[in-house]
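Below: the structure, in structure tokens.
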Amino acid sequence: MKKSESPFRCSLPIFMVVAFIGLAACSSAYYGALEKVGIEKRDILVDRIEDTRDAQEEAQEQFSSALEQYRSVINVDAGELESVYDRMNAEYERSERRADEVRARIDSVESVAEDLFEEWEEEIDAYSDASLARQSQRMLSDTKTEYARLLKSMQRAERSMDPVLTLFKDQVLFLRHNLNARAIGALKGELTTIEYEVVNVRASKVTGQAVPSYGPARAGAYFKKVECFCFEQQTLDAGEVRRMPVVFVVDPALPKDVNTITLSYTFFEVAGRGGKT
């Protein structure tokens, strides 16, 4: 009995071949359009090499600026930590963008160089004069050697950026982690818990919402509640007495003339009636 074969056995190779043909067609169409207006592959390659050199020079300037910033933060005053972090992080991100641009430029150079040399190889076979074909082959070999030297130089410059970026990233991360530690440390030192005793003096269950008020009123902007019974409605049984916590932090930016903050709550019944606790 003859085994049936899967109709999908050849689907992936066929798709890949079609994809490669499509890419080659796009590349040929691109070069063909440029050649119609007098722009050859060699012109494109030269332009891309020059663009890469420009990108490398701009990256070098950015990295010099970034290194100056790095040297300036060896000893950072605690009060300036956040502004220094913002400045350093911005410099790092700009440096990273410049490095990415250089990498992309080098990739574009390699792409067009590969196409140029491949076309040159194919065209050598079109010679009818063997002597000219040999001369062209030698020129191709010499040109490839010179190109390899240029590419190696560009890649060496590209690689030299990586240690600087790594150093810079470490410094930026360390500054950020310092800020994290300071922020948590500040919270730990100022975190306060107080409790309110709430009594339902009625003979029936009641549900209500506690609403805070501050004295002086402007202190409210500096009073940060982390946990509070006022965040949600509360239900108390008849005659129930309950202790309800409030966990808060006072912002260090509180005006120095405010020495005391009074926090009080008004308990409003959900149905609309209420009284102060």
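Just so it is clear, none of the values below were taken in a lab; they were calculated from the coordinates. Keep in mind that what you see is a predicted model, and the values were worked out from it rather than measured. Note that each Cβ is placed from the backbone with ideal geometry, even for glycine, and that neighbours are counted across all protein chains shown.
Could you calculate, for the range 87-177, the ratio of the Cα radius of gyration to the Kirkwood radius, expressed as Rg to Rh? Kindly include the intermediate steps, with their values, before the conclusion.
Working: Rg = 20.7 Å, Rh = 16.2 Å.
With Rh from the inverse mean 1/r over Cα pairs, Rg/Rh is 1.28.
Say a paramagnetic label sat at a point 7 Å from the Cα of Glu61, along Cα to Cβ; which residues of the range 81-111 have their backbone N under 16 Å from it? In the range 81-111, the label zone of Glu61 (backbone N under 16 Å from the point 7 Å along Cα→Cβ) covers 94-99, 101-102. Where a Cα-Cα gap under 13 Å defines reach, which aspartates and glutamates qualify for Lys152, not counting those fewer than 8 residues away within the same chain? Answer for Lys152, where 13 Å is the Cα cut-off: Asp107, Glu110, listed by chain and number.
Annotation: amide H of Glu240 within the under-5 Å range of Asn200, sequence separation 5 or more or interchain, hydrogens built in the peptide plane.
Direction-averaged projected area, Cα convex hull, the range 197-242: 3.7 nm², rounded to one decimal. The separation of the range 190-253 from the range 121-183, counted between C-alpha centres, amounts to 65 Å. With a simple spin-label model that places each label point 7 Å from the Cα along the Cα-to-Cβ direction, the separation between Lys169 and Asp129 comes to 5.6 nm.
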